[in-house]
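The values are calculated or read from the model by the stated rules, or taken from the named source; none is laboratory data. Please read all numbers here as calculations on a predicted model, not as lab measurements. Here the Cβ positions follow ideal geometry from the backbone for every residue, glycine too, while neighbour counts run over all protein chains shown.
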Amino acid sequence: MKETRQHVKKRGKTLIKEKKPLKKTEKRSDFTCAQCGKSLSCKKTLNYHMRIHTGEKPFTCSECGESFRYLLSLNKHKRTHTGETPFTCTQCGSSLNCKQNLEMHMRIHTGEKPFTCSQCGKSFSQASTRNRHMIIHNGEKTHECDQCGKAFLRASELKIHLRVHTKEKSYSCSVCQKSFKHLHTLRLHEKTHTGVREFMCFECEKTFITAIALKLHKKTHTEEKPYTCQHCDKRFKLPNTLKAHERIHTGEKPYMCSHCDKRFSQLSSLKSHEKIHTGEKPYKCLQCGKRFSWSVSLKIHEKVHTGEKPHKCLQCGKRFSWLVSLKSHEKVHTGEKPHKCLLCGKRFRRLGSLKIHKRIHTGEKPFKCSHCDKRFSHLESLKLHERIHTGERPYMCFQCKKTFGRLGQLKRHERIHTGEKPYKCSHCDKRFSRSESLKRHERIHTGEKPYKCSHCDKRFGRSENLKKHERIHTGEKPYMCFQCNKRFSQAWHLKKHEAIHTGEKPN
């Protein structure tokens, strides 16, 4: 009987461990799996292997109840709860929770891709990635969803897909409690808290959270755009960007809101929209504690505290916190209105303004007040309305401490202190502090009378003059004398009448 020895290092000492020899009656061929014919090195390994066929998972996590075939797998899993990462990369300092993950991670630095596809010769850094890739050559989608009939190449893909129907979000962030459908999405999210960016571009030294983000970024250096739209010949760097673009031509909207049945062409648009219904506000300002539904809203808000306005208009010198705000403002000078309503022909400077305008034609009012059931066609109107209930006036004048419910009201008010009159008449050089005052004034020069009486076709330059005129037809008398209850259609008629009671001579 041949004996073998194994050298084992333990706390600085080298020990010699006797390996149990095979019995004379036992041969390696005796340890063959009866299910799949695989040959194993010993009986213990065969017993481990058989759990694949029997489905036996004797090791259970006491934290979450998940079961595993092997003790090693359970120990590795436990580190997801404890946060323990004992294996450190010597290249970039990243910490990982198991030796295998460290070995795979090191291939990022070495570029090693030891696993090759036998069909096309493509190489991969991980065996699992190679195995997933090889199913593409087979092409058979054997795993079908019993809810919607969609088929998948892999059982794991079907399992992930089913969460679309069940709305299951099993993975929660320990820092902010946000839940996710997929473990890898949680892992990526956690890096936003830790700030770990282990993937670096060697061209510009910019760092990224994921390998795919780095791969996409690298194409900005090459300017390579291999994917072409078959409808308009526009080119794209990524296949998914092309797919999203083509929905502009096809009108396809595959993503539907489960709350209001509204459909979207992009998944990101759906997720952004759903926050309107859920009220989720995961982004918090560290300065004042205010919360926001979207990260971009938080970034815009933070500049309120810093006062930063790096973008300057070359025409009038006005400064803006965001480049998009500057570009939108510049259209005031150029008069450019590239977005046209196909129903009435009205044009807009911003695409968002056109989308809001379209709701006039459709009558859509997706935003509902949580206090009084009143509905609105856009979110800003809802927010402004809700301040009637809450009494919130978040905008304060630093000159006189007066507060306002709307930012526009504060800006108009501040011009009282500054004397600023930014709106200039193109006909006579007269200046105004409000845009609507300029519009009314310019009608003196142009003779424009946009407000038409629905009763007699008479036209007016101001909406308030139309309202006054229409009372002739309707007989409406909204102004009442509190002395004798007599009513009047015009405010100046009431004032003239009140002089009878007071004895005052009207001007």
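Here are a few things to note about the model shown:
- Selection within region 365-374 - surrounded by 14 or more Cβ atoms within 10 Å (Cβ to Cβ) and over 14 Å from residue 279 (Cβ atoms): 365, 366, 374
- Condition check for residue 331: modelled with pLDDT of 85 or more and among the charged types (D, E, K, R): no
- Hits in region 214-263 (condition: in contact with a Leu (Cβ under 7 Å, 6 or more places away or on another chain), within 24 Å of residue 167 (Cβ to Cβ) and outside any loop (DSSP other than H, G, I, E, B)): 255
- Taking residues in region 399-413 that are free of Cβ contacts under 8 Å to residues at least 60 places away in the same chain, and partners anywhere that are assigned to a helix (DSSP H, G or I), the pairs with Cβ atoms closer than 7 Å and at least 6 places apart or on different chains are 399/417; 402/413; 404/410; 404/413; 405/384; 405/387; 406/384.
- Counted residues, region 159-174 - those being over 15 Å from residue 148 (Cβ atoms), surrounded by 13 or more Cβ atoms within 10 Å (Cβ to Cβ) and of a type outside the set (Ser, Thr, Tyr): 2
- Within region 289-321, if we keep just the residues that are out of contact with any helix residue (DSSP H, G or I) (no Cβ under 7 Å at 6 or more places or on another chain), of a type outside the set (Lys, Arg) and closer than 18 Å to residue 176 by Cα, the residue that is surrounded by the most Cβ atoms within 10 Å (Cβ to Cβ) turns out to be 298.
- Residues located in region 176-208, provided they are closer than 25 Å to residue 84 by Cα, part of a loop (DSSP other than H, G, I, E, B) and at pLDDT 80 or above: 176, 177, 178
- Any hit, region 330-338, residues being surrounded by 12 or more Cβ atoms within 10 Å (Cβ to Cβ), within 25 Å of residue 300 (Cα to Cα) and not charged (D, E, K, R): yes
- Where residue 442 falls short, out of the listed (1) at pLDDT 90 or above; (2) in a helix (DSSP H, G or I): (1)
- Condition check for residue 384: over 29 Å from residue 274 (Cβ atoms) and aliphatic (A, V, I, L, M): no
- Conditions (1) under 30 Å from residue 194 (Cα atoms); (2) β-branched (Val, Ile, Thr); (3) modelled with pLDDT under 80; number of the one not met by residue 129: (3)
- Single match in 92, 145, 117, 98 (criterion: at pLDDT 85 or above and within 33 Å of the chain's Cα centre (by Cα)): 145
- Taking the listed residues 345, 335, 363, 391, the one that is under 24 Å from residue 422 (Cβ atoms) and of a type outside the set (A, V, I, L, M) is 335, with no other qualifying.
- Scanning region 108-121 for residues that are surrounded by 15 or more Cβ atoms within 10 Å (Cβ to Cβ) and either touching a Pro at 6+ places or on another chain (Cβ under 8 Å) or farther than 19 Å from residue 210 by Cα (or both) turns up 115, 117.
- The residue of region 305-352 that is nearest to the chain's Cα centre (by Cα), among those that are closer than 23 Å to residue 398 by Cα and among the hydroxyl-bearing types (Ser, Thr, Tyr), is 321.
- Checking each residue of region 418-427 against the condition of being of a type in the set (Asp, Glu), closer than 26 Å to residue 318 by Cβ and under 44 Å from the mean Cα position of the chain (by Cα) gives at least one match.
- Pair list, Cβ < 6 Å and 6+ apart or interchain, from region 35-55 residues that are under 11 Å from residue 69 (Cα atoms) to residues that are surrounded by 12 or more Cβ atoms within 10 Å (Cβ to Cβ): 49/33; 49/40; 51/69
- Qualifying residue in region 224-243 (condition: β-branched (Val, Ile, Thr), without any contact (Cβ under 8 Å) to a residue 12 or more places away in the chain, loosely packed, with under 13 Cβ neighbours inside 10 Å and over 27 Å from residue 378 (Cβ atoms)): no
- Complete set of residues in region 395-437 that are in a loop (DSSP other than H, G, I, E, B), surrounded by fewer than 13 Cβ atoms within 10 Å (Cβ to Cβ) and at negative phi: 398, 399, 400, 420, 426, 427, 428
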